[in-house]
Structures are given as C-alpha cells and as structure tokens.
1. Which value in Å is the Kirkwood Rh of the stretch B:17-124 over different Cα pairs?
2. Can you list, largest first and rounded to whole Å, the semi-axes you get for the stretch B:65-105 by taking the square root of 5 times each eigenvalue of its Cα gyration tensor?
3. Between the stretch A:112-134 and the stretch B:33-65, how many Å separate their Cα centres?
4. Count, for each residue of B:37-45, the Cβ atoms from other chains sitting within 10 Å of its Cβ, then give me the mean as a whole number.
5. Just rank A:MET59, A:MET66, fewest to most, by other beta-carbon atoms within 10 angstrom.
6. Considering the dipole of chain B built from charges on the beta carbon (Lys and Arg +1, Asp and Glu -1) around the Cα centre, which of B:ALA110, B:ILE23, B:VAL35 is farthest to its positive end?
7. Using a simple charge model, +1 on the beta-carbon of Lys and Arg, -1 on the beta-carbon of Asp and Glu, nothing else, what dipole does chain B show about its Cα centre, in debye to the nearest 20?
8. Would you calculate the separation in nanometres between label points at A:ALA124 and B:ALA60, each defined as 7 Å from the Cα along the Cα-to-beta-carbon direction?
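Nothing in this text is a laboratory measurement; each read-out follows from the coordinates by a stated rule. Being a predicted model, the structure only gives us computed values, none of them experimental. Reconstructed Cβ throughout: ideal geometry from the backbone, glycine too, with neighbour counts over all protein chains shown.
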Amino acid sequence: MAFVAGVFGSMLGVGGGLIMVPMLSLAFGVPIKVAIATSIVCVIATSSMAQTTFVSRGMTNIRLGMLLEVATVVGAVAGGVTAVLIDGRVLQFAFATLLFYVAWQMNRRGGDATPARTGVLEAAYYDPAAGCDVEYGVRRTRLGFVLSLGAGNVSGLLGVGGGAFKVPIMNLVMGVPLKATIATSNLMIGVTAAAGAAIFYGRGYMDPYYAVPAALGILAGARLGPRFAVRLSARALGIIFQVVLAVFALMMLLRGLGFGL
Amino acid sequence: MNVRPEQTSPEHAHVMEPIEHAIRWILLCGIALSVALMAVGLVLVAAQGAGLPRGVVPLADLPAALSALRPAAYLSLGLIVLIGTPFVRVAGSLVIFVRARDGRYVLVTAIVLFVMCLGVALGRM
C-alpha cells in the first residue's frame, strides 16, 4: 500500500500523505493524529527519494522552490502548532473539503501552462514525452508567494505536504509547466513536512508500528514514480492527478457524513 | 542508486549544477543512513521476537536505549534521520548559495532554515 502511495505521490508531486491519511484512518482505523504523523514521514520519504531523480534531470526549479518554501514553511509552522490543538473530527472534515476544492480546481483547468520567457527564475528541462527542451519563466511571483502562505498553512494543519495546492498554484497562477511544477512541488513538500514531523515526533504521535513500514514502502515506490512523471505526457499526468484527488475527496466526504459532521 | 541519463537520447542528459549535485548527494546519504538504521531495528525486532514497538523513544532517552539495543531506539533514530534529511538539504543549499555569492538566495534559504528550526522549537513548548 505504501509502495503504491510512493509511486503516485512522487509522480504527481503531492507527497504520499494525500493518499496515506485517508487510507490509514479508513482502512486501518489508525487514530487521525497518528495517521497524520505517519503520512508526514511518508511525505518526507517521497520528497527525498523522488528528488534524487528530478534533480539529476534538471526538472526541479531549485530557486523557485526555495523562494516559495519561505511562504509555505511559515504557513506550515503556524498550521503544525495548531493541528495538535484541534479536534480530530474537525480535521477530517476539513480534509474532505480541501480535497473536493482541489479536485474541482483541477477539473476546471484545460491543458498545460504555455511556457513563456519572462526573465524571472527562468529554467529549462528536457521533456522525453514531448521530445524537446522546455524553456520557461515564472509569472505573477508575488501572487504565487501569497497563495503559498495559505497552502503551507493548510498542509501544516492537515498533515498533507500541500503539494495538492502547490501544483495548481505554480501551474495555473505562475505559468510553470506541469512537469517542472511537480518536481519543484516535490522538493518543497519535504521541507514543509520536515518541520511538521519534528513537532509531531516531540508530541509523541509518531508510531514506528505504522511509520517504519510505511516509510520503507514509500521509499521503494518513490524510486519509480518520477520515472513515470518524466516519461508520461503532461496531459496524461494532469488527468491522473485529477482522478486521484476526486476519488479521495469522495471517500473522505462519506466518512465525514458518517460522523454526522 | 545511480540514475541513468535518458537511454533513448543520450545527447539530452542533463548536466547537473553544483547545487543539484549537492542536494542529490545529501538526500542519498540521508536515505541510506535512515534505511540502514531501520533495517537494524527490524533485525533486532525479529531477534527479540517482541513485534514492532508502538512508540518512539524521546530524544533524551535515545543514547541509553541505543546502547541497550532496544529495537524502538534504532527505528526511532531511523525516523529522526529521515525527518532531519530535509533540514540538512536546506543547510547544504545555503552553503552552496554562499559559495556562489548569490546574496538573494543566501537570504531566502537562511529564512527557510530559520523558520524550520523555529517550528521545531515552538512545537516543543
């Protein structure tokens, strides 16, 4: 299970957390905060392992990643501190709402961002699926930065890497092509998650019974995911992203309704 | 662990910048160390036949638990190394930006590292 989460998470730049938290709490009955702690570890594992591939392909825009990390990590620290104070059921309902929102956003969008040279944080990578080099620049850096603050906060609060927000922000708002977006988001979620994980560890929510097997499975899966991300067409990646989000949005909503929230 | 250049079109193999080399190297080391520690923990679990432990060892008790060969200690340290790897990655990026005299990104990276550490400090309160 963790292996599959690792493949999909690293392929889509969203971190396995988006898949791990509902799976752990729904299928294995893990308490939500332990599930979140486990998923944060998985997000870190996904990020670290996938970056070894993305970085060597030049797909990660490291400077863009570092810049937006300032926003996301500040938001995440605020969220991580509050998460341990909020009721688990409220968190679950918030998670369902978040997933629906992102799935809806992904559904509304058309094709990939059109690469354009803007003179800001420009980068280039080779896309084997398209068979050409893709050169691009970043648009609307300030708006993207502000939105990333919000994405970081949500991720700290809910134990997801926040990639589900970061990918749409970079792709839709900042005009970064999907593949570079996925690789850069993957880099960033590791930083956000590491700050959160340290807090969860200190509070005793980390359980090796779940975290160790999950981390090892994720590490194996995240060897594979980036290869798919590199080779698949951007359009196919976008559709997979959408389907994965929609399925889990539905699962969590059913769970939330079952509790009469 | 080596990632091959694109087999079908070797002329498109990406030439890594110093920062990309550094990040990749740090992450690979972190993953390898973490997996090794978890493997030791799992071997100890199997040897002692007690099943996987259900809680992590607090940082302060870690040295004693490690020398007592408690499986939980090795699994915990493996998780700590995994969690710590992104911290080291950001610190490593900072060193590279300092060396490249890229003032703007020295500042950006330093802020990220500071807030990460601040988060840990806040979480312990």
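1. 15.6
2. Computed over the stretch B:65-105, the values are 35, 8, 5 Å.
3. Centre-to-centre distance over Cα atoms comes out at 45 Å.
4. 2
5. A:MET66, A:MET59
6. Farthest towards the positive end: B:ALA110.
7. Charge dipole of chain B: 320 debye, to the nearest 20.
8. Modelled inter-label distance: 5.7 nm.
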